[in-house]
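Below is one structure, written out as structure tokens, with a few remarks after it.
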Amino acid sequence: MVSQKNKIAMVSPSFNAYSETFIQAQKNGLEAEVFYYYGGSLPNYLENFGTLLNVRNLLFYKIIKKVKLTKFSPNELAFIKSLKKNKIQLVFAQYGPVGERLVKICKYLNIPLITHFHGYDASVYSTIENCKNYADIFNYSTYIVAVSIAMKKRLSELGCPDEKLVYNTYGPDKIFTNLNSKFTEDTFIAIGRFVEKKAPYYTILAFSKVLEKFPNAKLVIGGDGNLFEVCKNLVSYLKIENNVLLPGVFSKEDFVHYLENSLAFVQHSITAINGDQEGTPVAILEASSAGLPVIATFHAGIPDVIINEETGLLFNEHDVDAMAQKMMMLLENKELAKKLGRNGKDNIQSNFSQERHLKFLDGLVYKAIHKT
């Protein structure tokens, strides 16, 4: 007799944001039967179903709310109805604010909650304040998942009980694990949103210093965001358009091509003025898994997965000169780049595989549902 899969509701603000490949990996890779809800902290849609709240139900829910037969809003009632209909056994909240929004619904239905933090939700001051330091989800969630050691420490300081708090960073897709970098081009590759915490302008400034000694080197930064135009203007101002490419959002195939042929992956992550920090950047895991050395900052979860001077080269936030020096070091010594890359590939495969990441989450889901 085949045992039935556990039924879980995975709730995410976005349907399929290009920068949230880690959520898609969990949705598609967990052993449970996953019902994927999206469209805000309180979801409005269910994948392969559509809108949760139709016009007919909206009218009915408004009436019962008005006559005080329920404490829930129409959107909450629609979500509750869907959870009941699909016999959901656990809610898996992607991001702290989602968990905070869903606590009272989980309490009402007596459904266990796992809240998975990712980055901004554990670091942006206003987000933490608006969620009242996450007191409700720390109290109700069966498990709280942190993706970096620094994040785990931060959540503990906010009041999360240590017995609920677990560290489990992401794992790269097998397509990256199966790659072998060839180091055929003097190209540095970066990918990610053009936002304050990724500081792409620092990467461009560092690379402009590299060009003084290595005028044929290239830098490619894939992605978009609110700093994209600023960075294009900076490239133009520095007159390095022939060496710096900003092609916009990459396809996975494009990223694979660059990883196969580039010299190193680069990222200058910083803590933004509003407190925003990375969790553990998935692209760094992917690049290291592909056998490419990583040049990045001592920031958030990066030093958890990149071993300085063994699998990559790390430097302090805001130190543009140090970043430039690390890039030139690999241009001058390709054998060092290859050695760091090989070590990185071994490190990721041994300690940070996607299989390990998903198996750990499967265990949390099982224990939360069956109270083991």
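The values are calculated or read from the model by the stated rules, or taken from the named source; none is laboratory data. Because the structure is predicted, anything quoted here is derived from the model rather than measured. Here the Cβ is made from the backbone with ideal geometry for all residues, glycine too, and neighbour counts use every protein chain on show. Keep in mind that these areas ignore ligands, DNA and RNA; they rest on the heavy atoms of the full protein, side chains included. Shrake-Rupley method; radii C 1.70, N 1.55, O 1.52, S 1.80 Å.
Helix 252-261: angle to the longest alpha-carbon principal axis of the chain, degrees 0 to 90, nearest 10?
30 degrees
Would you kindly work out the equivalent ellipsoid of the range 166-230 from its C-alpha gyration tensor and give its semi-axes, the square roots of five times the eigenvalues, largest first in whole Å?
Calculated on Cα positions only, the semi-axes equal 25, 20, 10 Å.
Report, in degrees rounded to the nearest 10, the 0 to 90 angle that the Cα long axis of helix 200-210 makes with the longest principal axis of the chain.
Between helix and principal axis, roughly 10 degrees.
Which value in deg cm²/dmol, rounded to the nearest 500, describes the helix-derived mean residue ellipticity at 222 nm for the chain, given -39,500 (n - 2.57) per DSSP H run of n ≥ 4 and division by the residue count? Can you show the working numbers first?
Working: 16 runs with 164 residues, N = 372.
Rounded to the nearest 500, it is -13000 deg cm²/dmol.
Hey, can you find the accessible area per residue of the chain for me, probe 1.4 Å, expressed in square angstrom?
Roughly 46 Å² per residue, with all protein chains present.
Over the Cα atoms of the range 300-372, what Rg and Dmax result, in angstrom?
Taking only Cα atoms of the range 300-372, I get Rg and Dmax of 17.6, 56 Å.
May I ask you to evaluate 6.51 cos²θ - 1.76 cosθ + 1.60, the Karplus curve with θ = phi - 60°, for each residue of the range 157-174 and list the ³J(HN,Hα) values in order in whole Hz, giving x for glycine and proline?
5, 6, x, 5, x, 4, 6, 9, 8, 10, 9, 7, 7, 6, x, x, 4, 4
Expressed as a rounded percentage, what relative contact order does the chain have, with Cα pairs under 8 Å and six or more residues apart?
After rounding, I find 16 percent.
If I histogram all Cα-Cα distances within the range 139-250 using bins 10 Å wide from 0, what percent of pairs lands in each bin?
12, 30, 24, 22, 11, 2
On the full set of protein chains, 1.4 Å probe, figure out the accessible area of residue 154 and give it in Å² to the nearest 10.
80 Å²
Quick one: what are the phi-derived ³J(HN,Hα) couplings along the range 223-240, Karplus 6.51/-1.76/1.60 with θ = phi - 60°, whole Hz, x for glycine and proline?
After applying 6.51 cos²θ - 1.76 cosθ + 1.60, I find x, 8, x, 5, 9, 4, 5, 4, 5, 4, 5, 5, 4, 5, 4, 7, 6, 10 Hz.
Taking the Cα centre of the chain as origin and charging only Cβ (+1 Lys, Arg; -1 Asp, Glu), how large is the dipole, in debye to the nearest 20?
Working: 42 positive and 37 negative charges, 413 e Å.
Magnitude of the dipole: close to 1980 debye.
Give the carbon-plus-sulfur fraction of the accessible surface of the chain in %, rounded to a whole number; probe 1.4 Å, heavy atoms of protein chains only.
The nonpolar share, carbon plus sulfur, comes to 50 percent.
Please name whichever of 256, 283, 127 sits farthest to the positive end of the charge dipole of the chain, dipole taken about the Cα centre and charges placed at Cβ: Lys and Arg +1, Asp and Glu -1.
My answer, from the dipole projection, is 127.
With all pairs of different alpha carbon atoms counted, what Kirkwood hydrodynamic radius in Å does the range 119-183 show?
After inverting the mean inverse Cα-Cα distance, the result is 13.5 Å.
How far is the Cα center of the range 209-224 from the Cα center of the range 293-330, in Å?
16 Å
Which value, in Å³ per residue, describes the convex hull spanned by the Cα atoms of the range 289-338?
About 65 Å³ per residue, rounded to a whole number.
Can you list which of the GluC sites (Glu not before Pro) found in the range 166-264 are DSSP loop residues with at most 11 other C-beta atoms within 10 Å?
Answer in residue order: 212, 241.
When a/c reaches 1.5 or more, the comparison of a/b and b/c decides; with that in mind, is the range 195-292 rounded, prolate or oblate per its Cα gyration tensor?
oblate
Taking just the alpha-carbon atoms of the range 37-177, what radius of gyration and Dmax come out, in angstrom?
16.8, 58
All other residues with a Cβ under 9 Å from the Cβ of residue 278 taken together, and with Lys, Arg as +1 and Asp, Glu as -1, what is their net charge?
Cβ neighbours under 9 Å give a net charge of +1.
So if I place +1 on the C-beta of Lys and Arg and -1 on the C-beta of Asp and Glu, and nothing else carries charge, what would the dipole magnitude of the range 32-175 be about its Cα centre? I want it in debye, nearest 20.
Here the range 32-175 has a charge dipole of around 820 debye.
Which entry in (i) 23.0; (ii) 27.2; (iii) 21.9 matches Kirkwood radius over Cα pairs in Å derived from the coordinates of this structure?
Recomputing Kirkwood radius over Cα pairs in Å here gives the entry labelled (iii).
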